[in-house]
């Protein structure tokens, strides 16, 4: 009886060890950032969004955690949440950066 118990114990232990075996997974990284939004007119605002495409093909909305900036604050400013304000007529590039990957959208601010 002891021999059967020892063999059963060894089999159960082997099954548990196999189930708990470590698997190697590579960390998911950001492949690209897509910026979407419509340019506001002077004196108005428009919400822009930033969506990260990850190396595994999934997407993640990073609008609220990206770092936003405008290339021309005389034409458009952008808040930390991606809200773009039309300040004056002109062109600007709105950029969002997340985990050192950036995406941008060229916009033109028209008169109201």
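Rg and Dmax of segment 30-109, both derived from C-alpha coordinates alone, stand at 12.3, 41 Å. Using a cut-off of under 15 Å, list every residue of segment 27-41 whose amide N is near the label point 7 Å from the Cα of residue 100 along the Cα-to-beta-carbon line. Only 27-32 fall inside the zone, counting backbone N under 15 Å.
Taking a point 7 Å from the Cα of residue 53 along the Cα-to-Cβ direction, the residues of segment 81-104 with backbone N closer than 20 Å to it are 94-104.
Read the figures in this text as sums done on the coordinates, not as results from a lab. The shown structure was predicted, so the numbers you read here are calculated from the model rather than taken from an experiment. Don't worry about glycine lacking a Cβ; one is built from the backbone with ideal geometry, like all the others, and counts go over all protein chains shown.
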